[in-house]
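The values are calculated or read from the model by the stated rules, or taken from the named source; none is laboratory data. Because the structure is predicted, anything quoted here is derived from the model rather than measured. In this analysis, Cβ positions are derived from the backbone assuming ideal geometry, glycine residues included, and neighbour counts consider all displayed protein chains. All accessible areas refer to the heavy atoms of the entire protein, side chains included, with ligands and DNA or RNA removed. Shrake-Rupley method; radii C 1.70, N 1.55, O 1.52, S 1.80 Å.
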Amino acid sequence: MTGRLLPAVAVVVVVIDAALLATGTITPAVALALFLVVEVPLGAVSVSGYVRRYRGHRRGSESRWDALRALAADDPYLRMMAAEARTFASLGRWIARRPDVPSGAVAIGYSRGTLGIPIALSVAAGIELVAAHLLIPWPTVRLILDLLGIYALLMILGLLAGRIVRPHLIVGGELVLRSGPHVCARVPLSDVTEVRRDRRLSPTSAAVDTDGDRDILALPGPDGTSLTVILARPVEAAVPGMPWGRPETREVSEVRLHVDDDDVAAQLLREAVPAA
C-alpha cells in the first residue's frame, strides 16, 4: 500500500512546489531545494518499486510488452495513464484518418447516434476555455485554467474519436467487441448460434446485466440496442469503468449491441459464422 501511495505523494509535491513558485510564495532557489530534497528521493523510490514489479512480471511473460501490460493492469496510476494515452491515440488516429482496423478485418461501426453528447460537451468546454481566458485577470490563474481547459477539451475529443476509429471487428475467427479503446469481449464466431435484429430501449450505458439465468453484455447507444447475438458457450466480458479501476470480468452467453446499420451488421455476422 505504501509503495502505491508514493507516486501520488510525488505528484502532490510537484504541484505544491510549482504553485508556491508561481504565486511568489517561495523563491526559485527554495523551489529547487524542495524539489531536490523531497521530490528526487520520492521519485527514486517510486521508480525502483516499478522496476522491481516489472521484473517480477517479466519472469512470467513472453515479451516485454506483455510484462508492461501486466504491470499497467496491476497499478491504478498506470491504468489511468494508459487510459489517457489510448484516448489521445484515438484522437491522433481520428485526425490522421487512420481507424484502428487491422488488415483483413471487417469493421462494424457503432458511433452513429452516440456523438451528440460528446459534441455538445466539446462545444461547452471550448466556450468555457475562451470565457475563462478573457475574464480571469490574474495571469498565473489564467494560465492554469487555460491548461486545464485545453486538457479537458482534448480528453472529450479523444473519447469522441474513440467511438469512431475503434469499431467492432470481425477478424481471425472472432467478433471483437469494443467500447472505444477498451476491448469488452472476444467472441469466437464458431460459438455464435443466432444473430437477430432486436430493438431494446435499455440499458443506455455499457453494462453486464443478468436476465433470468443468463448474463448479458450490453453495448448500447442512447436509445438502447438493436442487435442481439446468442452464444453457444459463455465468453469472458468486461465493460470500461473509471480509468484507474480494474474492469470486473464476467462470463456472458448473450450480447446486445448498438450498431450503425442493423441489417448490414447482421448480414456480415451471418456470413462470417459459417466460414468460422
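Looking at V165, V195, just one residue is closer than 25 Å to E248 by Cα and at pLDDT 90 or above, and that residue is V165. Checked across region 118-129, the condition of being buried (at least 16 other Cβ atoms within 10 Å of the Cβ) and within 22 Å of T225 (Cα to Cα) holds for at least one residue.
Scanning region 71-98 for residues that are crowded, with 16+ Cβ neighbours inside 10 Å and over 16 Å from the mean Cα position of the chain (by Cα) yields one hit, L71.
Filtering region 5-59 to residues that are over 23 Å from M80 (Cβ atoms), in contact (Cβ under 8 Å) with a residue 24 or more places away in the chain and of a type in the set (S, T, N, Q) leaves only T23.
Against the condition touching a Ser or Thr at 6+ places or on another chain (Cβ under 9 Å) and at pLDDT 90 or above, how does A232 come out, does it pass?
Numbers: touching a Ser or Thr at 6+ places or on another chain (Cβ under 9 Å): yes; at pLDDT 90 or above: yes.
Considered against the rule, which asks whether it is touching a Ser or Thr at 6+ places or on another chain (Cβ under 9 Å) and at pLDDT 90 or above, A232 comes out as yes.
If you go through region 190-230 and pick out every residue that is crowded, with 17+ Cβ neighbours inside 10 Å and not in a strand (DSSP E or B), you end up with 3. Just one of the listed residues (A29, A10, A70, A33) is among the aliphatic types (A, V, I, L, M), modelled with pLDDT under 75 and in a helix (DSSP H, G or I), and it is A10.
The set of residues in region 231-263 that are out of contact with any Pro (no Cβ under 6 Å at 6 or more places or on another chain), assigned to a strand (DSSP E or B) and open to solvent by 50 Å² or more (accessible area, probe 1.4 Å) comprises A232, R233, P234, E236, R250. Among the residues of region 177-201, the one identified as within 21 Å of P247 (Cβ to Cβ) and of a type in the set (S, T, Y) is S179.
Mind listing whichever residues of region 130-142 are touching a helix residue (DSSP H, G or I) at 6+ places or on another chain (Cβ under 8 Å) and either open to solvent by 80 Å² or more (accessible area, probe 1.4 Å) or at positive phi (or both)? Even if it seems obvious, please write down each step before you answer.
Step one: of region 130-142, the residues touching a helix residue (DSSP H, G or I) at 6+ places or on another chain (Cβ under 8 Å) are 132-133, 136, 140, 142.
Across region 130-142, the qualifying residue is only H133.
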